[in-house]
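Q: After the C-alpha coordinates below, expect a handful of questions from me.
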Amino acid sequence: MEKKLDSISARVDASSSSSGSACGSRRGVTARLKKLFLCSSTKAPSTTTQNSVEDELELSAVRHRPEALEQLEAQTRFSRKELQILYRGFKNECPSGVVNEDTFKEIYSQFFPQGDASTYAHFLFNAFDTDHNGSVSFEDFVMGLSILLRGTVQEKLNWAFNLYDINKDGYITKEEMLDIIKSIYDMMGKCTYPILKEETPRQHVEIFFQVIYHQDPADLVFADVVTEIV
(Lines give C-alpha, C1' and ligand atoms only; values in the text may rest on other atoms or scores of the structure.)
Protein backbone atom coordinates (compact mmCIF):
# COMPACT_ATOMS: atom_id res chain seq x y z
CA MET A 1 0.00 0.00 0.00
CA GLU A 2 2.77 2.46 0.95
CA LYS A 3 4.69 1.83 -2.28
CA LYS A 4 1.56 2.40 -4.36
CA LEU A 5 0.83 5.66 -2.54
CA ASP A 6 4.38 6.91 -3.11
CA SER A 7 4.24 5.96 -6.78
CA ILE A 8 0.99 7.77 -7.50
CA SER A 9 1.96 10.82 -5.43
CA ALA A 10 5.20 11.07 -7.40
CA ARG A 11 3.26 11.01 -10.68
CA VAL A 12 0.95 13.80 -9.49
CA ASP A 13 3.95 15.86 -8.34
CA ALA A 14 5.77 15.29 -11.62
CA SER A 15 2.72 16.39 -13.58
CA SER A 16 2.39 19.51 -11.41
CA SER A 17 6.02 20.44 -11.96
CA SER A 18 5.80 20.05 -15.72
CA SER A 19 2.73 22.29 -15.91
CA GLY A 20 4.33 24.95 -13.71
CA SER A 21 1.48 24.98 -11.19
CA ALA A 22 2.14 25.49 -7.52
CA CYS A 23 1.65 22.54 -5.20
CA GLY A 24 -0.12 23.27 -1.93
CA SER A 25 1.10 22.54 1.57
CA ARG A 26 1.80 18.88 2.32
CA ARG A 27 1.13 19.30 6.01
CA GLY A 28 -1.85 18.21 8.04
CA VAL A 29 -5.06 17.07 6.47
CA THR A 30 -4.08 18.32 2.99
CA ALA A 31 -1.22 15.86 2.64
CA ARG A 32 -3.40 12.97 3.81
CA LEU A 33 -6.26 13.90 1.50
CA LYS A 34 -3.87 13.94 -1.42
CA LYS A 35 -3.13 10.30 -0.65
CA LEU A 36 -6.63 9.28 0.41
CA PHE A 37 -7.75 7.63 -2.81
CA LEU A 38 -4.42 7.39 -4.63
CA CYS A 39 -4.14 3.64 -4.23
CA SER A 40 -4.36 2.40 -7.79
CA SER A 41 -1.77 -0.11 -8.98
CA THR A 42 1.11 1.06 -11.14
CA LYS A 43 0.54 0.41 -14.82
CA ALA A 44 2.88 0.43 -17.79
CA PRO A 45 3.15 3.82 -19.52
CA SER A 46 0.55 4.36 -22.22
CA THR A 47 0.05 6.98 -24.89
CA THR A 48 -2.27 9.95 -24.46
CA THR A 49 -4.74 8.41 -26.90
CA GLN A 50 -4.75 5.10 -25.04
CA ASN A 51 -5.31 6.90 -21.73
CA SER A 52 -8.22 8.81 -23.21
CA VAL A 53 -9.88 5.64 -24.53
CA GLU A 54 -9.30 3.78 -21.28
CA ASP A 55 -10.78 6.65 -19.28
CA GLU A 56 -13.92 6.73 -21.42
CA LEU A 57 -14.35 2.95 -21.01
CA GLU A 58 -13.84 3.23 -17.25
CA LEU A 59 -16.28 6.10 -16.92
CA SER A 60 -18.98 4.10 -18.68
CA ALA A 61 -18.49 1.11 -16.37
CA VAL A 62 -19.21 2.75 -13.01
CA ARG A 63 -22.57 3.43 -11.41
CA HIS A 64 -21.89 7.16 -11.02
CA ARG A 65 -20.55 8.76 -14.18
CA PRO A 66 -18.34 11.79 -13.39
CA GLU A 67 -18.43 14.98 -15.37
CA ALA A 68 -16.21 15.14 -18.44
CA LEU A 69 -12.55 15.64 -17.62
CA GLU A 70 -12.54 18.84 -19.66
CA GLN A 71 -15.25 20.30 -17.44
CA LEU A 72 -13.48 19.26 -14.25
CA GLU A 73 -10.25 20.71 -15.59
CA ALA A 74 -12.03 24.05 -16.06
CA GLN A 75 -13.61 23.91 -12.59
CA THR A 76 -10.46 22.92 -10.68
CA ARG A 77 -6.77 23.75 -10.71
CA PHE A 78 -5.78 20.27 -11.86
CA SER A 79 -4.58 19.40 -15.34
CA ARG A 80 -6.24 16.67 -17.39
CA LYS A 81 -3.30 14.37 -16.70
CA GLU A 82 -3.60 14.93 -12.94
CA LEU A 83 -7.35 14.30 -13.07
CA GLN A 84 -6.77 11.03 -14.90
CA ILE A 85 -4.32 9.90 -12.21
CA LEU A 86 -6.68 10.94 -9.41
CA TYR A 87 -9.64 9.24 -11.07
CA ARG A 88 -7.82 5.93 -11.48
CA GLY A 89 -6.98 5.92 -7.78
CA PHE A 90 -10.53 6.93 -6.82
CA LYS A 91 -12.13 4.26 -8.99
CA ASN A 92 -9.76 1.63 -7.63
CA GLU A 93 -10.97 2.31 -4.08
CA CYS A 94 -14.57 3.12 -5.06
CA PRO A 95 -15.63 1.10 -8.14
CA SER A 96 -19.20 2.44 -7.89
CA GLY A 97 -17.96 5.98 -8.49
CA VAL A 98 -19.05 7.27 -5.08
CA VAL A 99 -17.90 6.69 -1.50
CA ASN A 100 -20.21 6.55 1.51
CA GLU A 101 -19.27 7.65 4.99
CA ASP A 102 -18.42 4.19 6.32
CA THR A 103 -16.01 3.53 3.47
CA PHE A 104 -14.51 7.01 3.84
CA LYS A 105 -13.86 6.34 7.53
CA GLU A 106 -12.33 2.97 6.75
CA ILE A 107 -9.93 4.44 4.20
CA TYR A 108 -9.01 7.41 6.38
CA SER A 109 -8.38 5.27 9.45
CA GLN A 110 -5.58 3.47 7.60
CA PHE A 111 -3.43 6.56 8.06
CA PHE A 112 -3.99 6.67 11.84
CA PRO A 113 -3.78 3.12 13.20
CA GLN A 114 -2.55 4.47 16.53
CA GLY A 115 -5.74 6.45 17.21
CA ASP A 116 -9.46 6.72 16.49
CA ALA A 117 -10.04 8.72 13.30
CA SER A 118 -13.75 7.96 12.97
CA THR A 119 -15.10 11.22 14.42
CA TYR A 120 -12.76 13.50 12.49
CA ALA A 121 -13.41 11.49 9.32
CA HIS A 122 -17.13 12.08 9.91
CA PHE A 123 -16.60 15.86 10.01
CA LEU A 124 -14.31 15.71 7.00
CA PHE A 125 -16.78 13.61 5.03
CA ASN A 126 -19.52 16.18 5.66
CA ALA A 127 -17.23 18.94 4.40
CA PHE A 128 -16.66 17.07 1.13
CA ASP A 129 -20.32 16.05 0.79
CA THR A 130 -21.34 19.52 -0.33
CA ASP A 131 -24.81 18.53 -1.54
CA HIS A 132 -25.47 16.52 1.66
CA ASN A 133 -26.69 13.38 -0.11
CA GLY A 134 -24.69 10.97 2.05
CA SER A 135 -22.00 10.22 -0.51
CA VAL A 136 -18.85 11.80 -1.97
CA SER A 137 -18.45 11.60 -5.74
CA PHE A 138 -15.25 12.05 -7.70
CA GLU A 139 -16.35 15.60 -8.50
CA ASP A 140 -16.85 16.36 -4.79
CA PHE A 141 -13.44 14.95 -4.00
CA VAL A 142 -11.40 16.81 -6.63
CA MET A 143 -13.23 20.10 -6.08
CA GLY A 144 -12.37 20.01 -2.39
CA LEU A 145 -8.84 18.80 -3.00
CA SER A 146 -8.27 21.57 -5.54
CA ILE A 147 -9.19 24.19 -2.95
CA LEU A 148 -7.05 22.65 -0.21
CA LEU A 149 -3.99 22.27 -2.43
CA ARG A 150 -4.19 25.24 -4.78
CA GLY A 151 -7.04 27.48 -3.72
CA THR A 152 -6.77 31.14 -2.77
CA VAL A 153 -6.62 32.18 0.88
CA GLN A 154 -10.30 33.12 0.77
CA GLU A 155 -11.28 29.78 -0.78
CA LYS A 156 -9.34 27.88 1.88
CA LEU A 157 -10.94 29.98 4.61
CA ASN A 158 -14.41 29.25 3.26
CA TRP A 159 -13.66 25.53 3.12
CA ALA A 160 -12.22 25.53 6.64
CA PHE A 161 -15.21 27.48 7.95
CA ASN A 162 -17.57 24.91 6.43
CA LEU A 163 -15.64 22.13 8.16
CA TYR A 164 -15.88 23.76 11.60
CA ASP A 165 -19.46 24.98 11.19
CA ILE A 166 -20.84 21.58 12.12
CA ASN A 167 -24.55 22.48 12.15
CA LYS A 168 -24.18 24.72 9.04
CA ASP A 169 -25.89 27.74 10.63
CA GLY A 170 -23.25 30.22 9.44
CA TYR A 171 -21.45 30.46 12.80
CA ILE A 172 -18.64 28.57 14.54
CA THR A 173 -19.20 28.22 18.26
CA LYS A 174 -16.62 27.25 20.85
CA GLU A 175 -18.37 23.93 21.32
CA GLU A 176 -18.21 23.16 17.61
CA MET A 177 -14.52 23.94 17.50
CA LEU A 178 -13.99 21.90 20.65
CA ASP A 179 -15.64 18.90 18.99
CA ILE A 180 -13.28 19.21 16.02
CA ILE A 181 -10.17 19.67 18.16
CA LYS A 182 -11.06 16.69 20.35
CA SER A 183 -11.57 14.54 17.27
CA ILE A 184 -8.13 15.55 15.99
CA TYR A 185 -6.49 14.55 19.27
CA ASP A 186 -8.43 11.26 19.29
CA MET A 187 -7.16 10.63 15.77
CA MET A 188 -3.53 11.31 16.71
CA GLY A 189 -3.76 8.91 19.65
CA LYS A 190 -0.37 8.10 21.13
CA CYS A 191 1.46 10.30 18.63
CA THR A 192 0.92 13.49 20.63
CA TYR A 193 3.88 14.76 22.60
CA PRO A 194 3.88 15.75 25.34
CA ILE A 195 0.96 13.62 26.49
CA LEU A 196 -2.17 15.74 26.49
CA LYS A 197 -4.10 16.67 29.57
CA GLU A 198 -7.86 16.44 29.58
CA GLU A 199 -8.27 20.22 29.55
CA THR A 200 -5.82 20.82 26.66
CA PRO A 201 -8.38 20.84 23.81
CA ARG A 202 -10.54 23.47 25.52
CA GLN A 203 -7.46 25.59 26.28
CA HIS A 204 -6.54 25.55 22.60
CA VAL A 205 -10.06 26.63 21.63
CA GLU A 206 -9.93 29.53 24.11
CA ILE A 207 -6.59 30.66 22.70
CA PHE A 208 -7.94 30.44 19.17
CA PHE A 209 -10.95 32.63 19.93
CA GLN A 210 -8.76 35.14 21.74
CA VAL A 211 -6.61 35.45 18.62
CA ILE A 212 -9.70 35.99 16.46
CA TYR A 213 -11.13 38.68 18.72
CA HIS A 214 -7.86 40.61 18.79
CA GLN A 215 -6.81 40.15 15.16
CA ASP A 216 -7.39 42.66 12.39
CA PRO A 217 -9.66 40.85 9.88
CA ALA A 218 -7.66 42.40 7.04
CA ASP A 219 -4.46 40.83 8.30
CA LEU A 220 -3.50 37.61 6.53
CA VAL A 221 -2.15 36.22 9.80
CA PHE A 222 -5.79 35.67 10.73
CA ALA A 223 -6.18 33.45 7.66
CA ASP A 224 -3.00 31.61 8.57
CA VAL A 225 -4.41 30.80 12.01
CA VAL A 226 -7.55 29.28 10.52
CA THR A 227 -5.90 27.33 7.73
CA GLU A 228 -3.10 26.05 9.96
CA ILE A 229 -5.50 24.50 12.45
CA VAL A 230 -7.23 22.61 9.62
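The values are calculated or read from the model by the stated rules, or taken from the named source; none is laboratory data. Owing to the predicted nature of the structure, the values given are computational and were not obtained by experimental measurement. When we count neighbours, we look across all protein chains shown, and the Cβ atoms used for this are built from the backbone with ideal geometry, even at glycine. For accessibility, only protein heavy atoms count, side chains too; no ligands or nucleic acids. Shrake-Rupley method; radii C 1.70, N 1.55, O 1.52, S 1.80 Å.
Q: What are the trypsin sites (Lys or Arg not before Pro) within the range 102-187 that DSSP puts in a loop, where the Cβ has at most 10 other Cβ atoms within 10 Å?
A: Lys168
Q: Here's a follow-up. Mind grabbing the accessible area of Ser183 for me, 1.4 Å probe, Å², rounded to tens?
A: Ser183 has an accessible surface of roughly 0 Å² with all protein chains in place.
Q: Follow-up. Would you please give the FRET efficiency between Phe209 and Lys168, computed as 1/(1 + (r/R0)^6) with r the Cβ-Cβ distance and R0 = 25 Å, to the nearest 0.05?
A: 0.80
Q: Excluding Phe123 itself, calculate the net charge of residues whose Cβ lies under 10 Å from the Cβ of Phe123, where each Lys or Arg counts +1 and each Asp or Glu counts -1.
A: Here the count lands on -2.
Q: Give a quick list of chymotrypsin sites (Phe, Trp or Tyr not before Pro) in the range 149-192 that DSSP marks as loop, anything other than H, G, I, E or B, with at most 16 other Cβ atoms within 10 Å.
A: Passing sites in the range 149-192 are Tyr171.
Q: Protein chains only, probe 1.4 Å: how do Asp129, Asp102 rank by accessible area, largest first?
A: Result of the area sort, largest leading: Asp102, Asp129.
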